[in-house]
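Asks: Just dropping this structure here.
No value in this document is a laboratory result; all are computed from the given coordinates. Model, not experiment: these values are computed from the prediction. With ideal geometry, Cβ positions are generated from the backbone for all residues, glycine too; neighbour counts draw on all protein chains shown.
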Amino acid sequence: MDQLLQFVFSGLTVGAVYALVALGFTLIYNASDVINFAQGEFVMLGGMVTVFAHAAGMPLPLAAGLAVAVAIATGLALHRFAIEPARGADAVTLIIITIGASILIRGLAQIAFDRQFHRFPAFSGEDPIALLGATVLPQSLWVLGGAAAIVAALRLFMDKTLLGKAVRATAANRLAARLVGIDTALVLAIAFGASGAIGALAGILITPITLTSVGVGTLLALKGFAAAMLGGIGNPVGAVAGGIALGLLESLAAGFVSSTYKDAVAFLLIIAVLFALPQGLFGRRAIERV
Amino acid sequence: MQRRQILAATAAAALCAAVPAIAQAPIRIGSVLSVTGPAAFLGDPEARTLRLYIDRINQAGGVLGRRLELILYDDGGDATRARTFATRLVEEDRIVAVVGGTTTGTSLAMIPVFEEAKIPFISLAGGIEIIEPVKPFTFKTPHTDKMACEKIFADLRKRGLTRVGLISGTGGFGASMRNQCLRVAGEFGITIVADERYGPGDTDMTPQLTRIRNVAGGVQAVVNADFGQGPAIVTRNFAQLNIGVPLYQSHGVASRSFIELAGAAAEGVRLPAAALLVAEQLPDDDPQKRVVMDYKRTYESTQNQPVSTFGGHAYDGLMILIEAIKRAKSTDGTRIRDGIRATRGFIGTGGVVNMSATDHMGLDLSAFRMLEIRGGNWTLVD
């Protein structure tokens, strides 16, 4: 029992990060149909900028704020200089552009920072908390709480603000949105900026546990993409559920089946789910428009 | 005015006298290192060490009266690129010998090129496959993963601990060390009661460690075979789960950054490593004391960063090669090879090296020291 609980805590923490990356994918996909494979680099920037700003003497909250600002600027620049000029290109071309952008961002980060692994101190100490026979790091609670807060804030923004409603309208039907006077270019920029911010926050929350380096983005982008597909690409609830599910699958597979094949087990299950539900767990059916 | 002319003339004459020695073509030494990429923390200090010492040797007059010229390529940790650069070193750069090959993967990719060209190759990677079976022109300076297992198991036997949980990364080094540990465990009366693994980018190993903790019959110690960030996370998860048995790491984490990344969780962790890490703590009569202190001072005063054992391997490789060239009095590949094989009692940062036709590494278990991390520092325990 305590063993199961330990696996669940582990899976939830990792899953929360996958969920945030998947949420970033979803935001941009909804606004522009682009699968942004540079999503992992936002997570990397969040961690690395905070590490270096903190090492340069900045207090942690300020360093984290700077990291979020850098990631937002990167997201906006990605939209302005890479996606916008290729407007009208087909989806595959845009995906290739984002892969290219992610390589560029990683390369620049390698020059600006270094190639070593880094971390900064956990927000509230490192003494594990014992809970029903399992142990949790206080930072894991920060990750879970932070992820929940980000999801709630995004939900509020989408439901309650005019801008959020414009984003949703654009996601539903871009042409119609433009016809009623919504500035879709602005909506796109907002989606990229918000994705950058969410990615950076994920990076800041997780770095004290998982460490960071300029190379961490690639794998996270893949896992986040898998999570978004599992949940149903384009559905924010699905993205969060998919992320948590993938994290839990990995840790339970490592714990109960075999740590050598845990990734294989997790991905096999995802394939099985997608066979049964091609649109993902929460995906809407594609309706062919005539 | 006149005096100045005389001075200039004297200087010119002196220069002319020195010219014959310099005018000879330099001895070209090749190197392919992973200066960037995932193994950069190994390749970077190696490259710095080679540049630093080749400059120093040239200032002191070179070798056989000739200058040394270093031709260094960065493979970024990619074995295919390493092989391309190896071919270029042989065919275009006309090097006489090679020091380098940061990882086991890149070294193995380059071996066929140098073997075919009969060019001596001193690898700086850990994997035992590089020198076993012995290949005529291939050598290596770092300790092998098999020796790390033996050193750890010997220490466990001394402490009376026999039930061991093994957790290893699935990368090249981790996988190879895992195999070696499984192979030699029996010889030391060690039972491997758990054998868990994790992937290269994994960020949480608590499930694997929980399995080890809960293994039927219990564990008495845990051994982690890997390098890079994985061991730091394992060490932190290990402390989080409060498993309460000794944790052993390998020589793959023998750098300052491991202690920084693992933080307080690193306290009490033991690992086998070269004497270089504890240079100051060595007794004065230790044969390695002078060499490691000298290398440490030279490196740290010029590079403004703490010394690591990986740069030490490059130092050993370069010095063994230069002694061999002096011994061979030639830059012919086969004669240099024979010179390297004749290395006896060479004191390097990695240990005392005795090469032979059947041993192309020349280190024994005495080259490894057992260290424990205490108060955020390496401490010599035997």
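Asks: Consider a paramagnetic label point 7 Å from the Cα of B:Glu300 along Cα→Cβ; state which residues of segment B:29-66 have an amide N under 17 Å from it.
Replies: The answer is B:45, B:49.
Asks: Also: Using only Cα atoms and rounding to the nearest 10 degrees, what angle (0 to 90) does helix B:229-241 make with the longest principal axis of chain B?
Replies: Helix B:229-241 sits at roughly 30 degrees to that axis.
Asks: Can you tally the net charge around B:Ile336? Count Lys and Arg as +1, Asp and Glu as -1, for every other residue whose Cβ sits under 12 Å from the Cβ of B:Ile336. Numbers along the way, then the final one.
Replies: Values: positive: B:Lys118, B:Lys326, B:Arg327, B:Lys329, B:Arg335, B:Arg337, B:Arg341; negative: B:Glu323, B:Asp332, B:Asp338.
Its environment carries a net charge of +4.
Asks: Quick one: order A:Leu60, A:Leu66 by neighbouring beta-carbon count within 10 Å, fewest to most.
Replies: So the ranking, lowest neighbour count to highest, is A:Leu60, A:Leu66.
Asks: To the nearest 20 debye, what is the magnitude of the charge dipole of chain B about its Cα centre, counting +1 on the Cβ of each Lys and Arg and -1 on the Cβ of each Asp and Glu?
Replies: Dipole of chain B, to the nearest 20 debye: 780 debye.
Asks: Sticking with this one: State, in angstrom, two size descriptors of segment A:147-290 derived from its alpha carbons: Rg to one decimal place and Dmax to the nearest whole number.
Replies: 17.5, 55
Asks: Work out how much length A:Ile99 to A:Leu186 would gain on full extension: take 0.36 nm times their residue separation and subtract the Cα-Cα distance, in nm to one decimal.
Replies: That pair, A:Ile99 and A:Leu186, stretches by 29.0 nm at full extension.
Asks: Enter the mean projected area of the convex hull around the alpha-carbon atoms of chain B, in nm², rounded to one decimal.
Replies: 21.4
Asks: Give the order of B:Tyr248, B:Tyr315 when sorted by the count of other beta carbons within 10 angstrom, beginning with the fewest.
Replies: In increasing order of surrounding Cβ atoms, one gets B:Tyr248, B:Tyr315.
Asks: Here's another thing I want to ask about it. Pull up the DSSP beta bridges for chain B and report the antiparallel fraction as a percent, rounded to 5.
Replies: Among the beta bridges of chain B, antiparallel pairing accounts for roughly 30 percent.
Asks: Of the listed peptides B:263-270, A:73-80, A:27-34, what is their order by residue-averaged count of other C-beta atoms within 10 Å, with the highest listed first? Don't jump to the answer; show the numbers that get you there.
Replies: Numbers: B:263-270: 18.2, A:73-80: 20.4, A:27-34: 22.4.
Top to bottom by mean Cβ count within 10 Å: A:27-34, A:73-80, B:263-270.
Asks: On to the next question. What net charge is computed for the residues neighbouring A:Thr161, neighbours being all others with C-beta under 13 Å from the C-beta of A:Thr161, Lys and Arg scored +1, Asp and Glu -1? Show your work: numbers first, answer last.
Replies: Numbers: positive: A:Arg155, A:Lys160, A:Lys165, A:Arg168; negative: A:Asp159.
For residues surrounding A:Thr161, the net value is +3.
Asks: If you don't mind, there's one more thing I want to ask. Set Lys and Arg Cβ to +1 and Asp and Glu Cβ to -1, take the dipole of the protein assembly as shown about its Cα centre, and tell me which of B:Val35, B:Phe153, B:Gly171 lies farthest positive.
Replies: In the protein assembly as shown, that residue is B:Val35.
Asks: Kindly write out, for segment B:105-122 in residue order, the coupling ³J(HN,Hα) from the Karplus curve 6.51 cos²θ - 1.76 cosθ + 1.60 (θ = phi - 60°), rounded to whole Hz, with x marking Gly and Pro.
Replies: These are the phi-based 3J(HN,Hα) values: x, 5, 4, 4, 5, 8, 3, x, 5, 6, 4, 5, 7, 6, 10, x, 10, 10 Hz.
Asks: Follow-up question, since we're still on this one. Return one number: the angle in degrees, 0 to 90 and rounded to the nearest 10, between the long axis of the Cα atoms of helix B:79-91 and the longest principal axis of the Cα atoms of chain B.
Replies: So the helix axis and the longest Cα principal axis differ by about 20 degrees.
Asks: Same structure, new question: Tally the DSSP beta bridges in the protein assembly as shown and give the antiparallel ones as a percent, rounded to 5.
Replies: 35
Asks: Another one. What lysines does B:Lys151 reach when the alpha-carbon gap must be under 29 Å and sequence neighbours fewer than 8 apart in one chain are set aside?
Replies: Output for B:Lys151: B:Lys135, B:Lys140, B:Lys289, B:Lys296.
Asks: May I pose another question? Quick check: from the Cα gyration tensor, does chain A come out rounded (a/c under 1.5), prolate or oblate? Can you show the working numbers first?
Replies: Numbers: a/c = 1.71, a/b = 1.23, b/c = 1.39.
Because a/c hits 1.5 or more and a/b fails to exceed b/c, chain A counts as oblate.
Asks: If a/c stays under 1.5 just call it rounded; otherwise compare a/b with b/c (prolate if a/b is bigger, oblate if not). Do that for segment B:145-273, with a ≥ b ≥ c from the square roots of the Cα gyration tensor eigenvalues. Spell out each step's value before the answer.
Replies: Details: a/c = 1.36, a/b = 1.20, b/c = 1.13.
Verdict is rounded for segment B:145-273.
Asks: Right, something else. Using the Karplus equation 6.51 cos²θ - 1.76 cosθ + 1.60 (θ = phi - 60°), what ³J(HN,Hα) coupling, rounded to whole Hz, does each residue of segment B:203-208 give in order, writing x for Gly and Pro?
Replies: Couplings: 10, 8, 10, 5, x, 4 Hz.
Asks: Mind checking B:193-206 for the average number of partner chain beta-carbons within 10 Å of each residue's beta-carbon? Write down the numbers at each step before the final one.
Replies: Numbers: counts 0, 1, 2, 5, 6, 5, 7, 1, 9, 8, 12, 14, 4, 15.
Per residue, the average neighbour count from other chains is 6.
Asks: Considering only C-alpha atoms, what is the centroid distance from segment B:65-137 to segment A:1-68, in Å?
Replies: Centre-to-centre distance over Cα atoms comes out at 40 Å.
Asks: Right, here's the next one. Roughly how big is segment B:145-273's charge dipole about its Cα centre, with Cβ charges of +1 (Lys, Arg) and -1 (Asp, Glu), in debye to the nearest 20?
Replies: 320
Asks: To continue, here is another question. Near the amide H of B:Ile122, under 5 Å away, which other amide H atoms are found, from residues 5 or more places off or on another chain, if H is placed in the peptide plane?
Replies: So B:Ile122 has HN proximity to B:Val98, B:Val99, B:Gly100, B:Phe139.
Asks: On a 0 to 90° scale, report how tilted helix B:309-328 is relative to the longest principal axis of chain B, with both axes built from alpha carbons and the result rounded to the nearest 10.
Replies: Approximately 40 degrees, to the nearest 10.
Asks: Moving on to the next point. So, in Å, what gap is there between the alpha-carbon centers of segment B:32-52 and segment A:140-170?
Replies: 45
Asks: Starting from the Cα gyration tensor of segment A:28-176, take the square roots of the eigenvalues, sort them a ≥ b ≥ c, and report rounded, prolate or oblate (rounded when a/c is under 1.5, otherwise prolate if a/b is larger than b/c, else oblate).
Replies: oblate
Asks: Could you order peptides B:148-156, B:119-127 by the average number of other Cβ atoms within 10 Å of their residues, highest first? Let's see the in-between values first.
Replies: Details: B:148-156: 23.8, B:119-127: 27.6.
Top of the packing list down: B:119-127, B:148-156.
Asks: Could you compute Rg(Cα) / (2.2 N^0.38 Å) for segment B:65-211, with N its residue count?
Replies: Dividing the Cα radius of gyration by 2.2 N^0.38 Å gives 1.29.
Asks: Apply the membrane-span-like helix rule to chain A: whole DSSP H runs, Cα extent along the own long axis of at least 18 Å, mean Kyte-Doolittle hydropathy at least -0.5. List the helices found.
Replies: Numbers: long enough: A:2-32 (45 Å, 1.25); A:39-55 (25 Å, 1.02); A:60-78 (27 Å, 2.18); A:91-112 (31 Å, 1.97); A:138-160 (32 Å, 0.97); A:184-210 (38 Å, 1.90); A:216-231 (23 Å, 1.59); A:236-252 (24 Å, 1.53); A:262-276 (22 Å, 2.28).
Long hydrophobic helices here: A:2-32, A:39-55, A:60-78, A:91-112, A:138-160, A:184-210, A:216-231, A:236-252, A:262-276.
Asks: Let me ask something additional. So for the pair A:Leu141, A:Ala112, with labels modelled 7 Å out along Cα→Cβ, what separation do we get in nm?
Replies: Between A:Leu141 and A:Ala112, the label points sit 3.4 nm apart.
Asks: Once the protein assembly as shown is represented by equal point scatterers at the alpha-carbon sites, with solvent omitted, what log10 I(q)/I(0) does the Debye formula produce at q = 0.11 Å⁻¹?
Replies: The Cα Debye sum returns log10 ratios of -1.11.
Asks: May I ask you to list the lysines whose Cα is less than 19 Å away from that of A:Lys223, ignoring any residue fewer than eight positions away on the same chain?
Replies: Cross-link targets: A:Lys262.
Asks: Treating only the Cβ of Lys, Arg, Asp and Glu as charged (+1, +1, -1, -1), what charge dipole size does segment A:135-220 show about its Cα centre? Round to the nearest 20 debye. Write down the numbers at each step before the final one.
Replies: On the way: 6 positive and 2 negative charges, 57 e Å.
That gives a dipole near 280 debye.
Asks: Right, something else. Subtract the Cα-Cα distance of A:Asp90 and A:Phe275 from 0.36 nm times their separation in residues, and report this length gain in nm to one decimal.
Replies: Values: separation 185, 0.36 × 185 = 66.60 nm, distance 2.59 nm.
This chain segment gains 64.0 nm when fully extended.
Asks: Could you give the nm distance between label points at A:Arg168 and A:Ala56, where each point is 7 Å from its Cα heading toward the beta carbon?
Replies: The two pseudo-label positions are separated by 4.0 nm.
Asks: So if R0 is 45 Å, what FRET efficiency would B:Asp332 and B:Phe188 give, r being the distance between their Cβ atoms, rounded to the nearest 0.05?
Replies: Working: r = 44 Å, r/R0 = 0.97.
According to the calculation, E is roughly 0.55.
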